[in-house]
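Peer 1: One structure, as structure tokens, below. Some questions next.
The values are calculated or read from the model by the stated rules, or taken from the named source; none is laboratory data. Quantities reported herein were computed from a predicted structural model and do not represent experimental measurements. Every residue, glycine as well, gets a Cβ built from its backbone with ideal geometry; the counts of neighbours run over all protein chains shown.
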Amino acid sequence: MPIVLGIESSCDETAAALVDGERRILAQVIASQEAEHAPYGGVVPEIAARAHAERLVPLIDKVLQEAGKSLDDCDAIAATAGPGLIGGVMVGLVSAKALAMASDKPLLAINHLEGHALSPRLADASLQFPYALLLVSGGHCQILRVDGVGQYKRLATTIDDALGEAFDKTSKILGLGYPGGPAVEKLASQGDASAVLLPRPLVGSSEPHFSFAGLKSAVLRAQESGEHAAADIAASFQQAAVDCILDRLRFAFADIGPVNALVVAGGVAANKAIRSALEAFAADRDLPFTAPPQILCTDNAAMIAWAGIERLAVGIAPDPLDVSARPRWPLDPDAQPVRGAGVKA
Ligand code: KG4
Ligand code: ZN
């Protein structure tokens, strides 16, 4: 039964976890850097890299201690090798390389998006490939068909902002602080979702992708007009986001082929309005809908360890110790590049 140590440091969470082949999370620790980045209203890469460097080694010690294990008990060391903020990714990957070398264990360089994509299978042993995945977080906004370990078909991505980023920017515009998603959701529950007329970018488009930049600008104009209550803007924004997601999913499902479930992952999966819209979408198609528990939706190291276990299970070879960190690393290498600049990985 394999045990894998996972390390995650691609954005603003420093995390380590030990997971075994029976889907048991033996220990996991996540140190958020929210407080460090809050004054800037978003993640500052240099601050993030320094914070990862300070925290990672004590976190690894802590998970080993909590699980009552040593490096000798691990079958491999898995670390996020991209995509993400390169300074932070390098901190995690270099630490993993050092541990792998010192303990003579294989190194598994994991694509962070693969961690998210396979995380539902850590939570749910019955989830079989292929499944449809909506991956929505601060850095990612994609619809994927997950066919197997290492086999991903990207059906849609964003041509500008990720959905979590749109929530965070809306929060900033409304003066709600960072991270914005939970604050916007809370305020939205007190507002009227039809009060403010906001655009639904790319809805009805024959291009499969998402776009949220225009929605964010419209939120800014609505706020600056002084005509609307913040709660109404929040509720209208959230409704526009739901409408965009449903429309893009409908488009993707037109030729997705057979899938066993609709799955949502990433930090935005915490949003209840989005979850219930997805539940209804899946029910209409007689598909089960699943979302991993919150702690596995946001960035964490258990999903990185689990991706390592899945890779070992299908016989994918470990990575050499000189493997590079990759700021960009698409899950589906055959996916066509999208128009627009600033596309998040
Ligand atoms: O997966 P995650 O922790 O980190 C990234 O990989 O980006 O996702 C964080 C994102 C943030 O943009 C945050 O605002 C958003 O997820 N988020 C939410 C909610 N909770 C977190 N967005 C909408 N509603 C929520 N309840
Ligand atoms: Zn993530």
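Peer 1: Inspect region 278-294 for any residue being touching an Asp or Glu at 6+ places or on another chain (Cβ under 9 Å), assigned by TED's automatic domain parsing to the domain that holds Pro199 and in a helix (DSSP H, G or I) and give the result as yes or no.
Peer 2: no
Peer 1: Starting from residues that are part of a loop (DSSP other than H, G, I, E, B) and farther than 16 Å from Ala35 by Cα, keep the ones in region 159-185 and report whichever is farthest from ligand 1 (Cβ to nearest atom). Full working, then the answer.
Peer 2: Here is the first cut: in region 159-185, the ones part of a loop (DSSP other than H, G, I, E, B) are 159-162, 174-179.
In the following step, the residues that additionally are farther than 16 Å from Ala35 by Cα were identified as 159-162, 174-175.
Working: Ile159: 18, Asp160: 15, Asp161: 10, Ala162: 7, Leu174: 13, Gly175: 15 Å.
Only one residue tops the list, namely Ile159.
Peer 1: Report yes if some residue within region 93-102 is buried (at least 24 other Cβ atoms within 10 Å of the Cβ) and over 23 Å from Arg24 (Cα atoms); otherwise report no.
Peer 2: So the first thing to find is which residues in region 93-102 are buried (at least 24 other Cβ atoms within 10 Å of the Cβ), and the list is 93, 96.
Okay, now just the ones that are also over 23 Å from Arg24 (Cα atoms), so 93.
Checked against the condition, which is being buried (at least 24 other Cβ atoms within 10 Å of the Cβ) and over 23 Å from Arg24 (Cα atoms), region 93-102 yields at least one hit.
Peer 1: How many residues does region 95-117 contain that are in contact (Cβ under 8 Å) with a residue 24 or more places away in the chain and more than 13 Å from ligand 2 (Cβ to nearest atom)? If you could, list the steps in order and put the result at the bottom.
Peer 2: Narrowing region 95-117 to residues in contact (Cβ under 8 Å) with a residue 24 or more places away in the chain: 95-97, 99-103, 105-117.
Subsequent filtering for residues that are more than 13 Å from ligand 2 (Cβ to nearest atom) retains 95-97, 99-103, 105-109.
Adding up the residues that qualify gives 13.
Peer 1: Return the residues of region 265-303 that are among the polar types (S, T, N, Q) and more than 13 Å from ligand 1 (Cβ to nearest atom); say none if nothing qualifies. First the steps, then the outcome.
Peer 2: Keep residues of region 265-303 that are among the polar types (S, T, N, Q), which gives 271, 276, 290, 294, 298, 300.
Matches in region 265-303: Thr290 only.
Peer 1: Return only the number of the condition from (1) within 16 Å of ligand 1 (Cβ to nearest atom); (2) crowded, with 22+ Cβ neighbours inside 10 Å that Ile86 does not satisfy.
Peer 2: (2)
Peer 1: Evaluate the following for Ala265: is it crowded, with 22+ Cβ neighbours inside 10 Å, in contact (Cβ under 8 Å) with a residue 24 or more places away in the chain, within 19 Å of Val242 (Cα to Cα) and among the aliphatic types (A, V, I, L, M)? Steps first, please.
Peer 2: Values: crowded, with 22+ Cβ neighbours inside 10 Å: yes; in contact (Cβ under 8 Å) with a residue 24 or more places away in the chain: yes; within 19 Å of Val242 (Cα to Cα): yes; among the aliphatic types (A, V, I, L, M): yes.
Criteria met by Ala265.
For every residue, the table says whether it meets (1) out of contact with any Ser or Thr (no Cβ under 6 Å at 6 or more places or on another chain); (2) over 15 Å from Ala301 (Cα atoms); (3) of a type outside the set (A, V, I, L, M).
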{"residue": "Pro2", "(1), (2), (3)": "yes, yes, yes"}
{"residue": "Cys11", "(1), (2), (3)": "yes, no, yes"}
{"residue": "Ala17", "(1), (2), (3)": "yes, no, no"}
{"residue": "Ser32", "(1), (2), (3)": "yes, no, yes"}
{"residue": "Glu36", "(1), (2), (3)": "yes, yes, yes"}
{"residue": "Gly42", "(1), (2), (3)": "yes, yes, yes"}
{"residue": "Arg50", "(1), (2), (3)": "yes, yes, yes"}
{"residue": "Asp61", "(1), (2), (3)": "yes, no, yes"}
{"residue": "Gln65", "(1), (2), (3)": "yes, yes, yes"}
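Peer 1: From the list Leu59, Leu113, which residue is assigned to a helix (DSSP H, G or I), touching a strand residue (DSSP E or B) at 6+ places or on another chain (Cβ under 6 Å) and buried (at least 21 other Cβ atoms within 10 Å of the Cβ)?
Peer 2: Details: Leu113 fails: touching a strand residue (DSSP E or B) at 6+ places or on another chain (Cβ under 6 Å).
From the options Leu59, Leu113, the qualifying one is Leu59.
Peer 1: Something else about it: Filter region 192-232 down to residues that are among the charged types (D, E, K, R), at pLDDT 95 or above and assigned to a loop (DSSP other than H, G, I, E, B) and give me whichever is farthest from Ala166 (Cα to Cα). Walk me through it before giving the result.
Peer 2: Filtering region 192-232 down to residues among the charged types (D, E, K, R) leaves 192, 200, 207, 216, 221, 224, 227, 232.
Subsequent filtering for residues that are at pLDDT 95 or above retains 192, 200, 216, 221, 224, 227, 232.
Next, from what is left, pick out any that are assigned to a loop (DSSP other than H, G, I, E, B): 192, 200, 227.
Working: Asp192: 19, Arg200: 13, Glu227: 21 Å.
Selected residue: Glu227.
Peer 1: Take the residues of region 118-141 that are assigned to a strand (DSSP E or B) and farther than 21 Å from Ala302 by Cβ: which is nearest to ligand 2 (Cβ to nearest atom)? Steps first, please.
Peer 2: Step one: filter region 118-141 for residues assigned to a strand (DSSP E or B), giving 131-136, 141.
Next, only the ones that are farther than 21 Å from Ala302 by Cβ stay: 132, 141.
Details: Ala132: 18, Cys141: 11 Å.
By that ranking, first place goes to Cys141.
Peer 1: Any residue in region 28-38 that is buried (at least 24 other Cβ atoms within 10 Å of the Cβ), in contact with a strand residue (DSSP E or B) (Cβ under 8 Å, 6 or more places away or on another chain) and β-branched (Val, Ile, Thr)? Quick ask: steps written out before the conclusion?
Peer 2: Within region 28-38, the subset buried (at least 24 other Cβ atoms within 10 Å of the Cβ) is 28.
Then keep just the ones that are in contact with a strand residue (DSSP E or B) (Cβ under 8 Å, 6 or more places away or on another chain); that gives 28.
Now restrict to residues that are β-branched (Val, Ile, Thr): none.
The answer is no, given that none of the residues of region 28-38 is buried (at least 24 other Cβ atoms within 10 Å of the Cβ), in contact with a strand residue (DSSP E or B) (Cβ under 8 Å, 6 or more places away or on another chain) and β-branched (Val, Ile, Thr).
Peer 1: If only one of Val19, Val44, Val4 is surrounded by 17 or more Cβ atoms within 10 Å (Cβ to Cβ) and in contact with a Cys (Cβ under 9 Å, 6 or more places away or on another chain), which one is it? First the steps, then the outcome.
Peer 2: Values: Val19 fails: in contact with a Cys (Cβ under 9 Å, 6 or more places away or on another chain); Val44 fails: in contact with a Cys (Cβ under 9 Å, 6 or more places away or on another chain).
The unique qualifying residue is Val4.
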